[in-house]
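What follows is one structure encoded as structure tokens, with my remarks underneath.
The values are calculated or read from the model by the stated rules, or taken from the named source; none is laboratory data. This is a predicted model, so every value here is computed, not measured. Neighbour counts are summed over all protein chains in view; Cβ atoms, including those assigned to glycine, are modelled from backbone coordinates with ideal geometry. These accessible areas exclude ligands, DNA and RNA; they are computed on the full protein's heavy atoms, side chains included. Shrake-Rupley method; radii C 1.70, N 1.55, O 1.52, S 1.80 Å.
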Amino acid sequence: MTNPPTLGLDIAKLKFNACLIRQGGKFRHRVFPNTEAGFSQLSEWLEQQGAGRVHACLEATGAYGDSLAAYLHERGHTVSVVNPAAIKAYAQSRLSRTKNDRVDAALIAGFCAERRPPAWQPPAPELRELQALVRRLDSLVEMRTMEENRLSSGVVVEAVRESVEEHVAYLSEQIKRTEALIRSHIDRHPGLRRQRELLDSIPGIGEATAAALLAEVPDIKQYKSARQVAAFAGLVPRERQSGSSVRGRVRLSKIGNARLRKALYFPAVTAIRCSPFFQSWAEGLRQRGKSKMAVIGAVMRKLVHLAYGVLKTGRPFDPEWSQKVKTA
């Protein structure tokens, strides 16, 4: 079966560059506005090029490409949303020295044609709403932390201090409101509610972390193993060793979902401090010479493995069971 033409998409806030590789290796470029009207123009252009169904590829760089990815998927095109690090590595392998939107779109198209990355599936509507709420909560907490840091640094002007204090109070109110919206949203969907209960059974994972896990890993069944989920989060070890002269310290790869890593950091710290299961496990790592941060990273990865286990099996966390069942 002949592979469909590939379409590389370099997405920006107001526009996107498209590069179509037609049969025979010919490149066609076009720029469109990042709007519904621009999406329709893209469809018309593809028809003019005789492309029919294409394999479209874009980087996972935020919300700017979500609507376009969903639009193309709804119209029967294959869509892949890939890690930007993969495109960067591909560009380096091609010794690409020029970087602009047109070149980036061509690189993405070339990557898609050579590697044929897996197809992306849009999350269900309730998961898209949960993701939007969780990410809004994360932004609100970040803004409040910035304002609290301003206060702690010592604001001299009284009017400015009052303004910052009022903003902190407003953000705190919005945080409580958004937390209630997240809780209510999950409660209204039995599937999400059951998944939250399963995740909540794991030491260190509470409602907020459970919501973040469900939002950032919307379909656990698409992963074949817990290690794949850990890799998606950038929590797998990365060795740095070559011959006998280069023996760097093993670190987390951090090539993956930064929001998921951020959501798991404090739960890992809490689990080490409060859970006998994790205390015993972490102590074994320390006795093997692991540093404090290495232990925390390992516990974050363990939380992902346990989350995968409870969601995959539908059974709540059990310390005895978790020792026997291989989740990776």
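Considering only the range 247-273, how many residues are modelled with pLDDT under 70, surrounded by fewer than 19 Cβ atoms within 10 Å (Cβ to Cβ) and closer than 15 Å to residue 294 by Cβ?
6
Go through the residues of the range 198-207 one by one and say whether even a single one is at positive phi, of a type outside the set (S, T, N, Q) and either in a helix (DSSP H, G or I) or out of contact with any Gly (no Cβ under 7 Å at 6 or more places or on another chain) (or both).
yes
Among 22, 97, 30, which is touching a Leu at 6+ places or on another chain (Cβ under 9 Å) and without any contact (Cβ under 8 Å) to a residue 60 or more places away in the chain?
Of 22, 97, 30, the one residue that is touching a Leu at 6+ places or on another chain (Cβ under 9 Å) and without any contact (Cβ under 8 Å) to a residue 60 or more places away in the chain is 30.
For every residue, the table says whether it meets (1) touching a Lys or Arg at 6+ places or on another chain (Cβ under 7 Å); (2) hydrophobic (A, V, I, L, M, F, W, C); (3) within 21 Å of residue 186 (Cβ to Cβ).
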| site | (1), (2), (3) |
| --- | --- |
| 89 | no, yes, no |
| 97 | no, no, no |
| 100 | no, no, no |
| 112 | no, yes, no |
| 116 | no, no, no |
| 130 | no, yes, yes |
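List every residue pair whose Cβ atoms lie under 7 Å apart, where the two residues are 6 or more positions apart in sequence or sit on different chains, the first residue falls within the range 135-162 and is closer than 30 Å to residue 210 by Cα, and the second residue, located anywhere, is open to solvent by less than 80 Å² (accessible area, probe 1.4 Å) and among the hydroxyl-bearing types (Ser, Thr, Tyr).
Hits for this filter: 136/178; 137/178; 140/178; 144/172.
Filter the range 1-57 for residues that are part of a loop (DSSP other than H, G, I, E, B) and of a type in the set (D, E, K, R); which is least open to solvent (accessible area, probe 1.4 Å)?
Taking the range 1-57 and keeping what is part of a loop (DSSP other than H, G, I, E, B), we get 1-5, 12-14, 22-26, 34-35, 49-54.
Still in the list and also of a type in the set (D, E, K, R): 13, 22, 26, 53.
Values: 13: 132, 22: 88, 26: 121, 53: 139 Å².
The residue in question is 22.
May I ask you to list pairs of residues, at least six apart or on different chains, whose Cβ atoms are under 6 Å apart, with the first in the range 193-205 being open to solvent by 10 Å² or more (accessible area, probe 1.4 Å) and the second being of a type in the set (Asp, Glu)?
Here the result reads 193/187, each pair linking the range 193-205 to a residue that is of a type in the set (Asp, Glu).
What residue, among those in the range 283-307 that are open to solvent by 80 Å² or more (accessible area, probe 1.4 Å) and basic (Lys, Arg), is nearest to residue 263 (Cα to Cα)?
The extreme case among them is 292.
Give 276, 316 a once-over and let me know the one that is at pLDDT 85 or above, more than 25 Å from the chain's Cα centre (by Cα) and open to solvent by 60 Å² or more (accessible area, probe 1.4 Å).
276
With surrounded by fewer than 17 Cβ atoms within 10 Å (Cβ to Cβ), among the small types (Gly, Ala, Ser) and in contact (Cβ under 8 Å) with a residue 12 or more places away in the chain as the only criterion, which of 91, 132, 105, 124 stands out?
Being surrounded by fewer than 17 Cβ atoms within 10 Å (Cβ to Cβ), among the small types (Gly, Ala, Ser) and in contact (Cβ under 8 Å) with a residue 12 or more places away in the chain holds for just one of 91, 132, 105, 124, which is 124.
Which condition number in (1) at pLDDT below 95; (2) closer than 24 Å to residue 270 by Cα; (3) open to solvent by 30 Å² or more (accessible area, probe 1.4 Å); (4) out of contact with any Gly (no Cβ under 8 Å at 6 or more places or on another chain) is the one that residue 230 fails?
(3) is the only condition that residue 230 fails.
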